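Step one of this worksheet: look at the structure below.
The values are calculated or read from the model by the stated rules, or taken from the named source; none is laboratory data. If you're wondering where the values come from, they're calculated on a predicted model, not measured in any experiment. Here the Cβ positions follow ideal geometry from the backbone for every residue, glycine too, while neighbour counts run over all protein chains shown. The accessibility values were calculated without ligands, DNA or RNA, using every heavy atom of the protein model including side chains. Shrake-Rupley method; radii C 1.70, N 1.55, O 1.52, S 1.80 Å.
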Amino acid sequence: MIKFFRKIRQNLLSEGKTGKYFKYAIGEIILVVIGILIALQINNWNEQNKMDKSINSHLEILKQNLIEDQVQLQNLKENMTENIKCADSSMAQIKTIIPVNNSMKKYLVLLVREFQFSPNTNGIETITQSNEIPSLNTELRNAVLNYYALIERTEEREHISNTQIQSKYEPYINTEYPDIFQKDNEWEFIASFYKDDPRPTSSIDDVKLLKDKTLESLLVSRYYQCVALENFYGELIISSDKILSILEKE
């Protein structure tokens with residue numbers, strides 16, 4: 001092709017057609033520039049196509065991660081709802097709204113349990129490492145960033161709650177109310193663990209319980225932390241639903 005153009009230029013020069021030669025040369029330059037632009041456009045299209053395929057693949061992983069997260073979040077939310085009922089029922093007895101009864105053993109020990117959300121971050125990590133966040137449409141990008149920012153705030157609240165259990169609530173319960181760990185505890189785990197224990201059971205000292213302001217303070221704190229976490233888990237479910245809804249429309 002280059003030899004063909006060169007031959008045409010040489011013929012024009014040999015024939016003394018300088019004006020036509022320059023016009024032809026300019027035209028040739030324009031054709032070369034157009035060819036380069038077309039090549040660049042094709043290259044850009046190929047690169048964009050590769051990027052789109054990569055993003056779609058990573059978004060599919062993200063989608064599966066969110067579905068897995070939701071199962072975990074729903075369980076955590078239900079556990080927090082149960083904990084709230086335990087704290088609320090315990091306080092009802094301490095307030096003398098209802099008589100102190102054996103259910104208090106179950107309530108006190110259930111509130112010792114620690115919970116922590118463990119999100120699957122394979123998708124978001126791959127998207128971040130591939131620098132694909134800026135390529136997402138605005139609505140999806142904001143929804144994804146909001147979800148993972150909310151996870152960070154949830155983890156902070158979980159840390160506060162679990163630290164409170166470890167440093168204050170659990171040590172106090174173990175020291176002041178060891179009798180809750182008996183076979184008559186209504187929590188199936190404890191009842192099963194002590195089922196072969198021949199020792200007689202004893203009731204909680206209701207006089208001590210009703211005067212125990214430290215326990216009351218701890219129960220109020222546990223109630224507050226559980227309500228906060230229930231809200232966080234609920235918000236994460238809503239936030240992940242929003243991302244999944246956007247992905248379904250894509």
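If you roll a 1.4 angstrom probe over the protein chains with everything in place, what fraction of the accessible area of region 187-229 belongs to carbon and sulfur, to the nearest %?
About 57 percent, which is the carbon plus sulfur part of the accessible surface.
Would you kindly derive the ³J(HN,Hα) couplings of region 167-178 from the backbone phi angles with the Karplus curve 6.51 cos²θ - 1.76 cosθ + 1.60 (θ = phi - 60°), listing them in order in whole Hz, with x for Gly and Pro?
My calculation for region 167-178 gives 8, 10, 5, 4, x, 5, 4, 4, 7, 8, 9, x Hz in order.
By what distance, in whole Å, do the Cα atoms of region 63-153 stretch along each of the three principal axes, largest value first?
Principal extents (largest minus smallest coordinate, Cα): 61, 20, 17 Å.
I'd like to know how region 140-185 sits against the 2.2 N^0.38 Å rule of thumb: what's its Cα Rg over that expected value?
1.91
In a shell of Cβ-Cβ distance under 14 Å around E248, excluding E248 itself, what net charge do Lys and Arg (+1) and Asp and Glu (-1) give?
-1
Past the 31 Å Cα-Cα mark, which pairs from K85/K168; K63/K168; K95/K242?
Violating the 31 Å limit, Cα to Cα: K63/K168; K95/K242.
Accessible area of region 139-179 with a 1.4 Å probe: how many percent of it is carbon plus sulfur?
Within region 139-179, the accessible surface is 46 percent carbon and sulfur.
What translational diffusion coefficient, in µm²/s and rounded to a whole number, does the Stokes-Einstein relation yield for region 126-217 at 25 °C and a viscosity of 0.890 mPa s, taking the hydrodynamic radius as the Kirkwood radius over Cα pairs?
138 µm²/s
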